[in-house]
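The values are calculated or read from the model by the stated rules, or taken from the named source; none is laboratory data. Quantities reported herein were computed from a predicted structural model and do not represent experimental measurements. In this analysis, Cβ positions are derived from the backbone assuming ideal geometry, glycine residues included, and neighbour counts consider all displayed protein chains. Ligands, DNA and RNA are excluded from the accessible area calculation, which covers all protein heavy atoms including side chains. Shrake-Rupley method; radii C 1.70, N 1.55, O 1.52, S 1.80 Å.
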Amino acid sequence: MGKTRISGIQLFLLITGFLLGSRLIISPASESKTDGWLSILIAGAGGILLVTMYASIALLNPSRTLVEILRDRFGKIIGTIVAISYIWYFTHLAGLVFRDFGSFLVTTTYPRTPMEVIIAIFALTIIYAVNSGIEVMGRISEILVPIVPVLSLIIGASIVTTHDFTAFLPVLENGIKPVIKASLNLLAFPFGEAVVFLMIFPHLNKMKSLIKITTFSTLSVIGLFLYIFFRNIIILESHFLDQATFVPHLTSVLFPGLNLEPLFGVIMIIAGGIKIISAIYAAVMGLSQLIGAKDYRTFTTCIVAFSVILSIWVHENIFEVFNWAGNTWFYYSIPFQFIIPLILLFLSLIKKADPKPQDL
Amino acid sequence: MIAMNYSMFIVVLLFTILTLYDLWRFVRKKESVKVLIVFIIIMVSSLIIGVLLATGRRPASPSELIDRLLKMMGVIK
Amino acid sequence: MKTNKLAIIFVLSILLAGCWDNTDLTDINIVTALGIDKDEDGKIIVTVQVVEPAAVPLTSSSNGGGAGQTKPVSVKSYKGETIYDALISMKSIVDKRLFLSTVQVLVLGERFCKDGINDALDYLHRNNQAEYLADVLVARGTSPEQILNIQADMDVISALYIKGTVENTAVRAKVERKMLIELFKEIKNKCRQITIGQITKLDGKTVKTEGTAVFRDGKLVGWLDQYQTRGYLFVADKVGNPVISFSAPESKISIEIIQSTGKKSVIFKNGEPARLSVQIRLEGNIGEYIGKEMLSKPEDIHKIEKMLSEEVKKEINMALNKAQKDYSSDIFGFGEYVHKYYPKYWKKAMDEWNDVFSRLPADIRVEAKIRHTGLIKSPMKKDE
């Protein structure tokens, strides 16, 4: 555990890719129409706070993963129960991302290919990546994640032909309520999901710069979300935004004379892949620490298999997918993303952790 | 009449083979009993759910249960 | 090790079978144009123009050559309850799967448009094959079927010929080029009424794309002629390089517009809209001048600038009048301005905006600048 390390830049890119994840398909804050930028800013501010909270927990409990912290702080029995629910949460998260990914590809590119097959083939790659270890995951993100913003920027810059820069007006047309709702959703998906990284933070080689890294990657994600939002609203206009199933995809097919759709698929596979890898890694790592297995790889295959099955099981149709992402997920996530980490932070502040015996 | 989903079957089969291969390795490497038990539980549950899904008898999913629970608590409408 | 190899072979074989959606070029009918109309009973008639790539002559010289047996383009129509229904039922008369991603032109029929296009185009938006960049046109005085059936002599594939004429006239601002995606946007947009370019059939070989179909609440209500269309496009800020001709006493002048920006707004008084305001800035070059006077002094240019702006103003007035008095339809998108800057008022007045719009007087200001006069300064004439 103490041997594998990832560098700051790798963690930065890993978090960035994770946060972009499937939010790239389900466009950020399209519920609040023209006020989406406001939602993104509010959610972003909250997101920075949340991610900083997770980072502080990791700093106050050096070299410990979430499962270990939970057992330290809550005692063995409660700690184990909470840890199991977290493992479930991570697996569920991976399954949901698998599903988003599958729905997207089936709707846009492969209408006749069964979704199970797409997800399963993708899952085989995920197993390989997770089994290769955290260092390889770090390097994957180092190579692939920079492609995402670059491609997004290229796609955006090449499609914006009309320059209606007042498209985001009027401000607060329907009052503040839908804005708050959209920003809470955006806070829970993706920012709060970064709780997954409590399993990965201990791998960072220079813990001192942790908060700097997390803040910086959250900021860059907010920036990219804002960019995507303005791109979409300028190209598609607000009336049209909530009509499309996959907004960013729709913008990508508008480029005249060239089919940018595959590029968008690439973005999707990278960001979604990074997200699933991180979630699966967290679940697998947590489970093996809980059980006391020698190697975290023990459970990779069966957890991935389970989350693939889960991804097909969770929702019957695309409306459920969106309803879940738009309504239920936030409430379901409150204990995992907010309450338990807050208690952990509180307990950790009261009593600083003793150095871990085996690290001495 | 049961609606069979053959591609789902293939997927379930694929992952069953992969996990069984893992299991066989663990038995040979003499992993602890605890590990084996948890592994088998997860494997069997995903196998059961997978087969149920493939044969069209879909049990209520955890997401739906959570949805219902939250609705009962009155958090969402 | 052996099992490992077996596993790899197994996985690879699955990957090989992965692509369910593979379709070969020989298994599809390439659709270049799509026509949608309604018959008297309310059934949808879908017309497709299918291209047989093998029969398209590669060069013009091979026209009478070996590929002459099969026609490169064939047109088929079919009736159905919905567009999708008609397209699928059409499979009983076409030999391969219809491939819609190559559609260049979408021609809508008059009756179809009069019944409302708001919900009728759902399929084209829902289907992942739909080509969002296809040009949409409304056939006036003829049916889409007849338009697609023309035997164009300018191009083997008449859809490409039609698309070419649209591109040409759109630059000259006599027809509005509307792509399918823009149409979808307008259908969703409550602040602006739909307009679509107009197409008419001249003879068996030629079509003309000029003018605009005006909609109100998704239903076709009337047409703008080519000058009104230009006036409308000036306001909508969608003109390319039109040539504007007008005659002064003893002279005729054609000006090529090189740049034009149009701004529209609604002036509010006491929380109610009081006036429409249109501001146009033009820059142009003299393209042709037939007359006696020399063009040498800056004052001459100013005179022409004045005449040009009057002319543009006249066209805009015509378009505005038509839209306000005859059709009562805010095709210019003044509603967008209201929605953006007066959202409270907009919420109240959203549903009767077209009527409010029709009542408002308009201020039109056109600022025209002439930059260059071409290669010669004075008109072609004998020195006296």
- Message: Looking at the range A:53-95 only, could you name the residues that are crowded, with 19+ Cβ neighbours inside 10 Å and small (G, A, S)?
- Response: A:A55, A:A58, A:A83, A:A94, A:G95
- Note on the structure: Within the range C:247-256, residues touching a residue at least 40 places away in the same chain (Cβ under 8 Å) and part of a strand (DSSP E or B) come out as C:A248, C:S251, C:I253, C:I255
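Each row is one residue, and each column tells you yes or no for (1) closer than 29 Å to A:D35 by Cα; (2) touching a helix residue (DSSP H, G or I) at 6+ places or on another chain (Cβ under 7 Å).
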| site | (1), (2) |
| --- | --- |
| A:F101 | yes, yes |
| A:V106 | no, yes |
| A:F122 | no, yes |
| A:G133 | no, no |
| A:V150 | yes, no |
| A:G156 | yes, yes |
- Message: Could you check the range A:278-307 and list, in sequence order, the residues that are open to solvent by 10 Å² or more (accessible area, probe 1.4 Å) and of a type in the set (A, V, I, L, M, F, W, C)?
- Response: A:M285, A:L287, A:L290, A:I291, A:A293, A:F306
- Message: Based on this model, can you work out whether C:F268 counts as assigned to a helix (DSSP H, G or I) and at pLDDT 85 or above?
- Response: no
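Could you say whether any residue in the range A:322-340 is among the aliphatic types (A, V, I, L, M), within 22 Å of the chain's Cα centre (by Cα), at pLDDT 85 or above and crowded, with 17+ Cβ neighbours inside 10 Å?
yes
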- Message: Six or more apart or on different chains, Cβ atoms under 8 Å: show the pairs whose first residue is in the range C:319-342 and at positive phi and surrounded by fewer than 21 Cβ atoms within 10 Å (Cβ to Cβ) and whose second is in a helix (DSSP H, G or I) and of a type in the set (S, T, Y).
- Response: C:S328/C:S358
- Task: State the number of residues belonging to the range A:312-329 that are part of a helix (DSSP H, G or I) and in contact with an Asp or Glu (Cβ under 9 Å, 6 or more places away or on another chain).
- Result: 10
- Note on the structure: Exactly one of C:V171, C:V175 is buried (at least 22 other Cβ atoms within 10 Å of the Cβ), under 24 Å from A:L254 (Cα atoms) and either of a type outside the set (S, T, Y) or away from chain A (no Cβ under 14 Å) (or both), and that one is C:V175
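Here are C:V166, C:V175, C:V107: which of them is of a type in the set (V, I, T) and under 30 Å from A:P111 (Cβ atoms)?
On the way: C:V166 fails: under 30 Å from A:P111 (Cβ atoms); C:V175 fails: under 30 Å from A:P111 (Cβ atoms).
After ruling out the rest, the residue left standing is C:V107.
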- Message: Anything in the range B:43-68 that is facing chain A (nearest Cβ under 9 Å) and either basic (K, R) or surrounded by fewer than 19 Cβ atoms within 10 Å (Cβ to Cβ) (or both)? List them, or say none.
- Response: B:S45, B:L52, B:R58, B:P59, B:P62, B:E64, B:I66
- Note on the structure: Expected single match for under 22 Å from C:A170 (Cβ atoms) and open to solvent by less than 10 Å² (accessible area, probe 1.4 Å) among C:E311, C:E283, C:E315 is C:E315
- Query: What strands (runs of 3 or more DSSP E) lie completely within the range C:68-143 and have 3 or more residues being open to solvent by 70 Å² or more (accessible area, probe 1.4 Å), in the same structural domain as C:I194 (by TED's automatic domain parsing) and of a type in the set (A, V, I, L, M)?
  - Reply: none
- Task: Could you tell me which of the residues A:L236, A:L210 is open to solvent by less than 20 Å² (accessible area, probe 1.4 Å), modelled with pLDDT under 85 and hydrophobic (A, V, I, L, M, F, W, C)?
- Result: A:L236
- Query: Out of all the residues in the range B:3-21, which are surrounded by fewer than 19 Cβ atoms within 10 Å (Cβ to Cβ) and either in contact (Cβ under 8 Å) with a residue 24 or more places away in the chain or facing chain A (nearest Cβ under 9 Å) (or both)?
  - Reply: B:A3, B:M4, B:N5, B:Y6, B:S7, B:F9, B:I10, B:T16, B:Y21
- What are the residues in the range A:91-114 that are among the aromatic types (F, W, Y) and over 17 Å from A:A325 (Cβ atoms), if any? A:Y110
- Query: Taking A:F90, is it more than 11 Å from every other protein chain (Cβ to nearest Cβ) and within 21 Å of A:P190 (Cβ to Cβ)?
  - Reply: yes
- Message: From the list A:S158, A:S132, exactly one residue is open to solvent by 10 Å² or more (accessible area, probe 1.4 Å) and either within 10 Å of chain C (Cβ to nearest Cβ) or at pLDDT below 85 (or both). Which is it?
- Response: A:S158
- (1) more than 8 Å from every other protein chain (Cβ to nearest Cβ); (2) within 13 Å of the chain's Cα centre (by Cα); (3) surrounded by 13 or more Cβ atoms within 10 Å (Cβ to Cβ) all hold for B:L36 apart from (2)
- Message: Tell me the residue from C:G231, C:G211 that is touching a residue at least 60 places away in the same chain (Cβ under 8 Å) and at positive phi, please.
- Response: C:G211
- Of the numbered conditions (1) within 26 Å of A:P178 (Cα to Cα); (2) open to solvent by 10 Å² or more (accessible area, probe 1.4 Å); (3) of a type outside the set (A, V, I, L, M); (4) modelled with pLDDT under 90, A:S7 fails exactly one; give the number of that condition. (1)
